[in-house]
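Input: a single structure, listed below in structure tokens.
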Amino acid sequence: MAPVPISPINVGHIDDVQELRKSGPATIPERFVRDMTERPTLDTAPPSPNTVPVIDFSRLVKGNKEEHKSEMLELTRACEEWGFFQVINHGIDLGLLKSIEKVAKDFFMLPLGEKQKHQMLPGTVQGYGQAFVFSEDQKLDWCNMLALGLEPHFIRVPQLWPTEPVKFSETVEIYSGEVRKLCQHLLEYIAMTLNLRADFFEEMFGVAVQAIRMNYYPPCARPDLVLGLSPHSDGSALTVLQQGKGSPGGLQILKDSKWVPVQPVPNAFVINIGDTLEVLTNGKYKSVEHRAVTDREKDRLSIVTFYAPSYETELGPIPELVDENNPCKYRTYNHGEYSKHYVTSKLQGKKTLEFAKVESKIATS
């Protein structure tokens, strides 16, 4: 989420979805209506038993030998087969989760004029509005966002940080510090599932880049026509998602060519592997395409943290994970270069990862 110099971009008129909801339009504006192939199928069937794995973090940290071993095997399975998992008993105070949800919701409930004081400029990814919009004919998401760079401090844009609600900045700082520690610990265990030193990623990443994005999805009269968030994979190493308490499920992941809804577990974080870990593990752990859908009656709030290496880090497949049976699938590149590429491209599945793929085809014997 580094500030990127952007030449003037014509994105056309972008309606604020909360204001659209207030006016109660009988029809959805054309820019939000998806092509037939992109429209979600709103599944009313009961959840499939084939659900996203749940990791008990306390068993990893302080479980006995058997509990730790069992949870490590489940973490390995989650990373290899799903690229997504939910973490329970993560040790972050539940009162803090409630506080971050409150300040986020209070911000989105401010008058439009107040929120627009922190407006996201076209072609950038920090501030209030819609990110990843680069043309006036691009389809829009049924979502309002507030995105902020956190660490290192040079990526922050102070004027984009809300002063209302009063405790917004204080709460974000405390919350982000706790989530940062969780990411560091999760990466230690993920490293161990790869037979690497526990501190492998911490040493490689340097001063890790961290950003937060708050997403607010108002109810939509025609959820079958729109998407809350376009399909994409994340450019991060890890992404941590907190789904607002009482919010309807909206997150879907692409599993075996089908969109699978992620059923929220109370007080859990949803974790997903980003493009960076896919490259580092030479494809052993893959980033997964995901999207958000909307609800006809209920609004939805989500709070997302992105955790990635410093912009100076050179990234490529870890040598220990490359051999004759698993030849190198990705080139070595600078993470700052990739981050710039990611934030200046529209969300479009896993297309941004093509930036890192080795172009030459590997001969098979």
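None of the figures in this text is laboratory data; all of them are computed from the coordinates on show. Owing to the predicted nature of the structure, the values given are computational and were not obtained by experimental measurement. Cβ placement follows ideal geometry from the backbone for every residue including glycine, while neighbour counts extend to all protein chains displayed.
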Rh (Kirkwood; distinct C-alpha pairs) - segment 248-347, Å: 16.0
Cut-off 14 Å, label 7 Å out along Cα→Cβ of VAL54, residues of segment 61-99 by amide N: 85-90
Spread of Cα-to-Cα distances over 5 Å intervals beginning at zero, given as percent, for segment 135-193: 4, 13, 16, 18, 14, 14, 12, 8, 2, 0
Cα-based convex hull, segment 45-150, per residue volume (Å³, whole number): 201
Compactness of the chain, expressed as Rg and Dmax over alpha-carbon positions, Å: 20.0, 65
Inter-site label distance for MET109 and GLU30 at 7 Å from Cα along Cβ, in nm: 3.7
Length-normalised contact order of segment 17-356 in % [C-alpha pairs under 8 Å, at least 6 apart]: 20
Relative pair counts by distance (%), Cα atoms of segment 168-303, 10 Å bins: 11, 37, 34, 15, 3, 0
Label-point gap, in nm, between ILE174 and HIS13 - each point 7 angstrom along Cα→Cβ: 4.3
Set of lysines near LYS117 by C-alpha distance (under 18 Å), chain-local residues within fewer than 8 positions excluded: LYS105, LYS167
Where GluC sites (Glu not before Pro) in DSSP loops with at most 15 other Cβ within 10 Å are excluded, longest remaining stretch of the chain: 137-296
THR313 long-range amide H proximity, modeled H, under 5 Å: HIS335, GLY336
Dipole moment magnitude, nearest 20 debye, segment 17-356 about Cα centre, only Lys, Arg, Asp, Glu C-beta charged: 860
Lysine-lysine proximity count for segment 174-316, Cα under 23 Å, sequence distance 8 or more or distinct chains: 7
Cβ-based charge dipole, segment 183-237, positive-most Cα from TYR217, LEU187, VAL207: TYR217
Extension gain (nm, one decimal) between ARG222 and LEU94, 0.36 nm per residue minus Cα-Cα: 42.7 nm
Choice from LEU196, LEU251, LEU94 with maximal GNM fluctuation in the chain (Cα, 10 Å cutoff): LEU94
